[in-house]
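Read the structure below first, then the notes.
Read-outs: derived from the displayed coordinates by stated rules, not from any lab. Because the structure is a prediction, the values reported are computed rather than measured. Heads up, the Cβs are rebuilt from the backbone with ideal geometry, glycines too, and the neighbour counts pull from every protein chain shown.
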Amino acid sequence: MRKLGNNGKRVAIVYGVRTPFIKSGTLFKNLSAQELGRIATVELINRIEIDPKEIDEVIFGTVIPSPKAPNLAREISLGAGIPSSVPAYTVSRACASANQAITNAAESIMSGNADVVVAGGAESLSDMPVLFSKRFRAFLYDSYKGKNLIQKIKPFLNLHLRDLAPDIPALAEPSTGLTMGESAEKMARENHISREDQDAFAYRSHMLANKATADGVLKKEIIHTLIPPDFSMVANFDNGIRGDTSIEALSKLRPIFDRKYGTVTAANSSPLTDGASSLILMAEEKAKSLGYEPLGYIRSYAYTALSPDDQLLMGPAYATPIALERAGLTLRHIDLVEMHEAFAAQALSNIRAFASKKFAQEKLGRSEPIGEIDMDRFNVYGGSIAIGHPFGATGGRLTITILNELRRRGGNFGLITVCAAGALGMAMVVERE
Ligand SMILES: CC(C)(COP(=O)(O)OP(=O)(O)OC[C@H]1O[C@@H](n2cnc3c(N)ncnc32)[C@H](O)[C@@H]1OP(=O)(O)O)[C@@H](O)C(=O)NCCC(=O)NCCS
């Protein structure tokens, strides 16, 4: 793929908002992904005062969809008052699902199929569907098919108590059986990422996110969200951030995925989170004709995939050099980096791989490393470890934060990069001018 600007219409990211990211099982436990996405999209439309009739398409990402609303995007679109004649569809690329929605929107615009697209992501891990066991589901099916009362009851005569045990979705790779946390442990081990370094990284994430929250820097992107059932309380900041934490407190936590020898803890992992992000993209000329000054533009992007048997969460180190090359840039041109922090072990593994000549030569087939990341430009307001990670929505947060911050500090180029289950990787270069 060539630089997007040369490929077709230039794609503007006009605006974006998100709900606060809220630890699952807390303030948003009575809100579904559909409702969170609707809230974000209504606010988006209101803030930029766009006539919903201008919207050509709606695309949302999610990772664990509700069986009751599998095409989440369509429900969000209808709920947000976008005309029913506007098509909407849902995508999944694990933790890069909102990024996928955004690049699908870009492709719709570049191809000339749409001029204005709403794209984002929503996830409610509080509302995660829990299944019955396969045996119990088979009994339910046989009973449903029964033609009379006896046939409807008969399947249950073989029921054991253990058949009623819930089947909770595991955050594990179907191909390897390893959970995300176990994969992070593997990366910590193989890349020699110490517990101390992981805790220091997590501490940095919390301190930066806490300061940004206290300074009100993230106010622009975060929607005040009324909390059901009585809507008398408002959530307006990310509630997983722990300004009161310390390296000492972090170092005392027990490893969670490998109790005996592990280094990955609840604090140096991203927490289970509920939230949504919603952005609006337009063809540059359309944005101008409607009188908008976009937050920025998409310059390039790349997706990659590795074997899940290898190190699962190394996507950023593989996708970034391709996105940079397509942008005609190097890491030195990049003013800000937003990297999804699934785990400190994953982020540190990628940061080290960026700087490693050995990694470049052996894994990327390149003579030179991607480059050393300047930590003063990296996740400057903390990352998913502190802020939280509603799987399908995080890519939207990274995009909104980097564009707002580029504008605030007068930078031009930003790099967004995400690792995702299935050993997928994503990187995007955005530009303000
Ligand atoms: C890691 C995980 C299992 C932890 O879940 P949990 O046990 O519910 O986590 P909690 O928030 O209750 O934290 C556990 C303990 O650590 C403590 N803790 C967590 N973060 C802390 C911090 N920053 N500072 C100090 N203590 C902290 C909590 O206070 C709690 O202590 P307590 O038991 O005394 O109450 C869960 O967040 C998880 O599965 N995360 C990974 C998600 C994932 O795989 N994402 C995919 C990435 S791509």
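With contributions of -39500 (n - 2.57) from each DSSP H run of at least four residues, the per-residue ellipticity at 222 nm computed over the chain stands at -10000 deg cm²/dmol. For Lys286, the lysines whose Cα comes closer than 26 Å to its Cα, not counting residues fewer than 8 places off in the same chain, are Lys3, Lys9, Lys53, Lys220. Residues whose amide H comes within less than 5 Å of that of His389, counting only those at least five positions distant or on another chain, are Thr273 (H built at 1.01 Å from N in the peptide plane). When peptides 170-183, 107-120, 144-157, 188-201 are sorted by average Cβ neighbour count within 10 Å, with the highest value leading, the order is 107-120, 188-201, 170-183, 144-157.
Suppose the chain between Glu368 and Asp51 were pulled fully straight at 0.36 nm per residue; how much longer would it get relative to their current alpha carbon spacing? Contour length minus Cα-Cα distance gives 109.2 nm.
Protection proxy ranking, highest mean first, for peptides 58-67, 92-101: 92-101, 58-67, where packing is the per-residue count of other beta-carbon atoms within 10 Å, averaged. A convex hull fitted around the alpha carbon atoms of region 84-241 yields 284 Å³ per residue. Ignoring lysines fewer than eight residues from Lys252 along the same chain, the ones with Cα atoms less than 18 angstrom from its Cα are Lys260.
Within straight-line reach of Lys68, meaning a Cα separation under 20 Å, sit the following lysines at least 8 residues removed in sequence or on another chain: Lys29, Lys134. The Kirkwood radius of region 325-419, taken over pairs of alpha-carbon atoms, gives through the Stokes-Einstein law at 37 °C and 0.692 mPa s a diffusion coefficient of 234 µm² s⁻¹. Database remark: amide H of Gly382 closer than 5 angstrom to the amide H of Ala209 (H placed geometrically; neighbours at sequence offset of 5 or more, or on other chains; Pro and chain starts carry no H).
One quarter of the convex hull surface built on the alpha carbon atoms of the chain amounts to 23.3 nm², the projected area averaged over directions.
Binning the alpha carbon pair distances of region 1-141 at 5 angstrom intervals from zero yields the distribution 2, 10, 18, 20, 18, 12, 9, 5, 3, 2, 1, 0, expressed in whole percent.
Overall, the anisotropy analysis places region 254-342 in the prolate class: the square-rooted eigenvalues a ≥ b ≥ c of its C-alpha gyration tensor yield a/c not less than 1.5, with a/b exceeding b/c.
Converting phi to 3J(HN,Hα) with the Karplus coefficients 6.51, -1.76 and 1.60 and the offset θ = phi - 60°, region 283-298 yields 4, 3, 5, 5, 4, 5, 5, 8, x, 8, 10, x, 5, x, 9, 8 Hz in sequence order, with x at every glycine or proline. Pair-distance distribution P(r) for region 220-262, from all Cα-Cα distances in 5 Å bins starting at 0: 5, 15, 13, 15, 12, 9, 15, 11, 4, 0 percent. If you wrap the Cα atoms of region 275-390 in a convex hull and average its projected area over all directions, you get 8.9 nm². Translational diffusion of region 213-313, estimated by Stokes-Einstein from the Kirkwood radius over alpha carbon pairs at 10 °C in a medium of 1.306 mPa s, is 84 µm² per second.
Annotation: Cα Rg of region 6-88 relative to the compact-globule expectation 2.2 N^0.38 Å equals 1.19.
Classify region 126-171 from the C-alpha gyration tensor, please: rounded if a/c falls under 1.5, else prolate or oblate depending on whether a/b exceeds b/c. Since a/c reaches 1.5 and a/b is larger than b/c, the shape of region 126-171 is classed as prolate. For a test of the definition: using alpha carbon positions, the gyration tensor, and the 1.5 limit on a/c, classify region 157-283 as rounded, prolate or oblate. It is oblate, given that a/c is not under 1.5 and a/b is not larger than b/c.
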